[in-house]
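Undergrad: Just passing along the structure, written as structure tokens.
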Amino acid sequence: MLYARKIKEDFPWFSSETGKKNIYADSAATTHKPKSVLDTMNALYTEYYAAVNRTSHESGEIFSEMYYDAHRRMASFIGAESADEIIFTRNCTDAINHAANALLRTTEPAIAIGKGDRIICTIMEHHSNMLPWQQLAQLTGAEIVYAGLYPDRTIDIDHFKSLINGRTRIAAFSHVSNVLGTVNHVAQLCSICRDAGVLTLIDGTQAAPHMRVNVSEIGCDFYAFSGHKMLAPSGTGVLWGRTALLEKLAPSFYGGGMISSVTTQGASWNSPPWKFEPGTPDACGAIALAGSEANGRRLYGAVDYLEAAGMDAVLSHEKKLSAYTRKLLAEIEGVEFLCTEAHSGITAFRMAKKGREENSHIVGTLLNEMNIIARTGGHCAYPLHQYLDINDSGSIRLSYYIYNDKSDVEAICSALGSINLL
């Protein structure tokens, strides 16, 4: 197990007045930032900052190369074939909307979506991987259908497969559920879609920060995730897409930097990734996410920190904490888990002491009074909670990361055991 107490020393928040008094168990929502990432952000703004991809002066050229180096390092982190397949975005929501908007504007017959076409989603999706596809369906006249879940709360592959027909154009699904914590069989789902000529987009928001991800091995067409959930600054994210697909797609948004030429009547587009990165990008955020190098000086990003920890070790550590949580919570009256086992660092559950279900928001408020930061409610997955027949107050979610340890688990479970609203 990772030595989490030692790791905490790398994160200034845990030494702050707020951090010293609280136990943080909401990393599925957002994560704290290590000093190395904060130092990189400071260096970028105070020593290297310039406009990227727009200048011929030395400062701009250095910063532009640093920004492209961040693309290269991110490509390596997720097993992409080329840095040109990495599109930096504001977050995963933005990344998924980029893909949906590109498909909306594309006229390429093989990938264009029109009236009567089908989009497959799943009932477990975060709203960010549901609403863009709903809107795409409404704007194009396509239909959207949803795959259900197996009893173990992973995507029902048989149901998913049955939804594919000759008009299916794209399937969008999560690598890891942000509520259930289940790890889906994404490579198998992608293989099924590939054989049927169906594009795939994977929401990797709860996967990329916590486990080894290789998009080439998975075999998807798009992979999206956020930076702020993996130790990087807010306002950072990634959309990966296969080169051949990105070349066919229309741009998602329009502006400076994404063109090769412009007249008063039209324009031609730059090559990927610039084709999908209009305007001045958050180069500092992207470099703080992926890392870079300038004049022989290494600027460490969140990816560097995670690679040093080892992604397999990160997942193993979190699963052990979740398993320990389940063991302790199972001893508390009325705890009902939403998932059958520990797949990841996410544990979601309901409480129903003496046969009466407690309001999760009240539980969250009481935990806050005991200096425990956790998430309660619908977790931006309302249809999933309805599917599971969970009341409007939603569920309680504990989500761990590399800076949590067994003492955190014990304190949280002891606090939950002391709650009795009856």
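The values are calculated or read from the model by the stated rules, or taken from the named source; none is laboratory data. These numbers come from a predicted model, not from an experiment. Quick reminder, even Gly has a Cβ in these numbers, built from the backbone with ideal geometry, and neighbours come from all protein chains shown.
Undergrad: Take the residues in the stretch 31-59 that are of a type in the set (G, A, S) and assigned to a helix (DSSP H, G or I), then tell me which one is modelled with the lowest pLDDT.
TA: Step one: filter the stretch 31-59 for residues of a type in the set (G, A, S), giving 36, 43, 50-51, 56, 59.
Cutting the leftovers down to assigned to a helix (DSSP H, G or I) gives us 36, 43, 59.
Numbers: S36: 97, A43: 96, S59: 84.
The residue in question is S59.
Undergrad: Would you say S292 is in the same structural domain as I62 (by TED's automatic domain parsing), more than 22 Å from the chain's Cα centre (by Cα) and not β-branched (V, I, T)? Reasoning before the result, please.
TA: Numbers: in the same structural domain as I62 (by TED's automatic domain parsing): yes; more than 22 Å from the chain's Cα centre (by Cα): no; not β-branched (V, I, T): yes.
For S292, the condition - in the same structural domain as I62 (by TED's automatic domain parsing), more than 22 Å from the chain's Cα centre (by Cα) and not β-branched (V, I, T) - is not met.
Undergrad: Scan (1) in contact with a helix residue (DSSP H, G or I) (Cβ under 9 Å, 6 or more places away or on another chain); (2) without any contact (Cβ under 8 Å) to a residue 40 or more places away in the chain; (3) within 20 Å of I96 (Cβ to Cβ) for the single condition Q206 breaks and write down its number.
TA: Result: Q206 passes all but (2).
Undergrad: Sticking with this structure for a sec: Could you grab me the full set of residues in the stretch 206-251 that are out of contact with any His (no Cβ under 6 Å at 6 or more places or on another chain), aliphatic (A, V, I, L, M) and assigned to a loop (DSSP other than H, G, I, E, B)?
TA: A208, M211, V213, L231, A232, L249, A250
Undergrad: Yes or no: the stretch 297-309 includes at least one residue that is surrounded by 14 or more Cβ atoms within 10 Å (Cβ to Cβ), part of a helix (DSSP H, G or I) and touching a Cys at 6+ places or on another chain (Cβ under 6 Å).
TA: Among the residues of the stretch 297-309, not one is surrounded by 14 or more Cβ atoms within 10 Å (Cβ to Cβ), part of a helix (DSSP H, G or I) and touching a Cys at 6+ places or on another chain (Cβ under 6 Å), which makes the answer no.
Undergrad: Right, something else. Can you name the number of the only condition in (1) out of contact with any Gly (no Cβ under 7 Å at 6 or more places or on another chain); (2) in the same structural domain as R297 (by TED's automatic domain parsing); (3) closer than 30 Å to G219 by Cβ that E58 fails?
TA: That leaves (3) as the condition not met.
Undergrad: Between I62, I96, which is among the hydrophobic types (A, V, I, L, M, F, W, C), in a helix (DSSP H, G or I), touching a residue at least 24 places away in the same chain (Cβ under 8 Å) and surrounded by fewer than 22 Cβ atoms within 10 Å (Cβ to Cβ)? I'd like the intermediate steps shown before the answer.
TA: Values: I96 fails: surrounded by fewer than 22 Cβ atoms within 10 Å (Cβ to Cβ).
Result: I62 is the single residue among I62, I96 that is among the hydrophobic types (A, V, I, L, M, F, W, C), in a helix (DSSP H, G or I), touching a residue at least 24 places away in the same chain (Cβ under 8 Å) and surrounded by fewer than 22 Cβ atoms within 10 Å (Cβ to Cβ).
Undergrad: Name the pairs whose Cβ atoms lie under 9 Å apart, with the first residue in the stretch 308-320 and more than 15 Å from F77 (Cα to Cα) and among the hydroxyl-bearing types (S, T, Y), the second at pLDDT below 95 and surrounded by 17 or more Cβ atoms within 10 Å (Cβ to Cβ), and 6 or more positions between them or separate chains?
TA: S316/L2
Undergrad: Out of all the residues in the stretch 145-161, is one or more in contact with a Lys or Arg (Cβ under 8 Å, 6 or more places away or on another chain) and surrounded by 14 or more Cβ atoms within 10 Å (Cβ to Cβ)?
TA: yes
Undergrad: Identify, from the list A288, A267, A208, the residue that is touching a Ser or Thr at 6+ places or on another chain (Cβ under 8 Å), modelled with pLDDT of 95 or more and of a type in the set (A, V, I, L, M, F, W, C). Working first, answer last.
TA: Details: A267 fails: modelled with pLDDT of 95 or more; A208 fails: touching a Ser or Thr at 6+ places or on another chain (Cβ under 8 Å).
Criteria check complete, one pass: A288.
Undergrad: Which condition does T264 not pass, out of (1) more than 21 Å from L189 (Cβ to Cβ); (2) in a strand (DSSP E or B), if it passes all the others?
TA: The one condition T264 does not meet is (2).
Undergrad: Kindly state which helices (runs of 4 or more DSSP H) lie completely within the stretch 125-205 and contain at least 1 residues that are aromatic (F, W, Y). Full working, then the answer.
TA: Values: elements: 131-140, 157-162, 186-195.
Correct list: 131-140, 157-162.
Undergrad: Name, by its number, the condition in (1) surrounded by 21 or more Cβ atoms within 10 Å (Cβ to Cβ); (2) of a type in the set (S, T, Y); (3) closer than 30 Å to D405 by Cα that does not hold for S292.
TA: (3) is the only condition that S292 fails.
Undergrad: Being in a helix (DSSP H, G or I) and under 23 Å from the mean Cα position of the chain (by Cα) is the requirement here; does L398 meet it? Before the answer, list the steps.
TA: On the way: in a helix (DSSP H, G or I): no; under 23 Å from the mean Cα position of the chain (by Cα): yes.
No, not satisfied.
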